[in-house]
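The structure under discussion appears below in the form of structure tokens.
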Amino acid sequence: MRSVKKLAIVAVCLLAALALAAPALASSSKDKPVKIGAFFAESGPAAFIGTPTKLVAIMVVDKINKEGGIKGRPIELVLADTEGEPTKAVMAFKKFVNLDKVVAVVGPTRTGTGMAVKKQVEAAKIPTVMTVGGDPVIMEGMIGGRNWGTARYVFKAPQRSSIAVGKVLAYLKKKGLTKVGLMSASDGFGRDGARWVNRLAPKYGITIVGKEQFNPRDVDMKSQLTALAAKKPQAIICWTIGPAAAIVSKNHNALGLKMPLIQCHGSPGPKYLKLAGAAAEGDLMPATKLMIYESLPDSDPQKKVIAEFVRLYKDVYNYDKKYPINPHSGYAWDAIYLLANAMNKVGTDPDKVRAELEKTKGYVGVSGTYNITPKDHNGLGPDSMVMMEVKDGKYVIAK
């Protein structure tokens, strides 16, 4: 009998202890950070994009955490530097999954590194919103004679190359320019742009009279431009990012070529104007509304969002002093908000987050208004971009 009483007393004590511990355990679970991996090219040739992208990721996580985080839980960024190298990107992603136990990932910076981790993302089933320019990361199945695999868990924040190419071709058609020369970099981003120009040009009644390629690290492209000029194009499209774009502009000017030069959506920004100098005058390019947001009508829903982004970027975090705003600046903001919005609806289970991302409708971001579908893991249309021209050393909306 005594043993029974002792057992009863022990049981009561255990229940009381569990009751007292329950609130603490619940609180611990509630306060546990939501880990999101973030890897960008903080060093290497794409560091001028990757480093400020990382800073924006930190900025937007601070903002979201101050607003309550993910259902009351703070976001914790787990950072890594890919150096713009595919192998290092794969190693960083594996660490995110196996050691850090992240529930989602943002990044990387370059199309090549994005493609390198695409299979890893699908195998791990971790929703990943990339900040790369090229389309291959979200392409699926057999396209153009190549199998692009699956992309159920891969999304991307920047406009698809196909959208930017369409914006350029529509502008050329409007201006009655039907014969173009194509210059493109030999890297993944350049090849992707060239692929879409070749594919979409006929739909706009445009003929590509000549094609030339260059290494993005080349320091002179006069020979390619001279070869294109001999084909008598009415305009030249150049698809690359970084210093190479400015070199093409300077070469175009030095050769005295009169046909307009049209750069891609990755070029607009202070760096291009600085590197190309006076040679950039008259150059055209598609861009996000971030670059001309003050000219937007107050009725445009993006204007208020972009204004807040610019205020934080310039006035609160002072990033602009070292990294002036360019079209890449808003990609991490949109990538992280897309994930946070989904998680605030369905929690942090990766499969549920992936499914919720595909239901994103009407999210107004820095880069545009996102309407994602199972067949479009980007969700931005032509209305998210404007055509700009360099005039008197500044960007203006092209007429």
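The values are calculated or read from the model by the stated rules, or taken from the named source; none is laboratory data. Predicted model only: the values in this text are computed from it and were never measured. Please note: Cβ atoms are built from the backbone with ideal geometry, for glycine as well, and neighbour counts cover all protein chains shown.
Summary of values
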item: Filtered residue count, the stretch 307-335, keeping only those that are hydrophobic (A, V, I, L, M, F, W, C) and under 19 Å from Lys394 (Cα atoms); result: 2
item: Qualifying positions in the stretch 171-186 - in a helix (DSSP H, G or I) and buried (at least 17 other Cβ atoms within 10 Å of the Cβ); result: Tyr171, Leu172
item: Hits in the stretch 207-233 (condition: assigned to a loop (DSSP other than H, G, I, E, B) and within 21 Å of Ala170 (Cβ to Cβ)); result: Pro233
item: Hey, Val102 under 21 Å from Asp334 (Cα atoms) and in contact (Cβ under 8 Å) with a residue 24 or more places away in the chain or not; result: yes
item: Boolean, Gly68 is surrounded by fewer than 17 Cβ atoms within 10 Å (Cβ to Cβ) and either at pLDDT below 95 or more than 20 Å from the chain's Cα centre (by Cα) (or both); result: yes
item: Candidate set: the stretch 228-265, residues that are of a type in the set (Val, Ile, Thr) and within 18 Å of Pro45 (Cβ to Cβ); chosen: the one surrounded by the fewest Cβ atoms within 10 Å (Cβ to Cβ); result: Ile247
item: Criterion (of a type in the set (S, T, N, Q) and over 24 Å from the mean Cα position of the chain (by Cα)) met by exactly one of Ser223, Ser267, Ser184; result: Ser223
item: Filter result for the condition that a residue is touching a residue at least 12 places away in the same chain (Cβ under 8 Å), farther than 22 Å from Pro86 by Cβ and buried (at least 23 other Cβ atoms within 10 Å of the Cβ), over Val165, Val219; result: Val165
item: Any hit, the stretch 197-206, residues being assigned to a loop (DSSP other than H, G, I, E, B) and not assigned by TED's automatic domain parsing to the domain that holds Ala116; result: yes
item: Residue match in the stretch 282-289 (condition: in contact with a strand residue (DSSP E or B) (Cβ under 6 Å, 6 or more places away or on another chain), part of a helix (DSSP H, G or I) and not charged (D, E, K, R)); result: no
item: Top-ranked residue in the stretch 321-357 [being crowded, with 17+ Cβ neighbours inside 10 Å, not hydrophobic (A, V, I, L, M, F, W, C) and not in a helix (DSSP H, G or I); ranked as modelled with the highest pLDDT]; result: Thr348
item: Qualifying residue in the stretch 283-293 (condition: modelled with pLDDT of 95 or more, more than 22 Å from the chain's Cα centre (by Cα) and not assigned by TED's automatic domain parsing to the domain that holds Lys173); result: yes
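Okay, residues lined up against (1) more than 21 Å from Phe309 (Cα to Cα); (2) out of contact with any Cys (no Cβ under 9 Å at 6 or more places or on another chain); (3) modelled with pLDDT of 50 or more:
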residue	(1), (2), (3)
Val12	yes, yes, no
Ala26	yes, yes, no
Ser29	yes, yes, yes
Glu42	yes, yes, yes
Phe48	no, yes, yes
Ile58	no, yes, yes
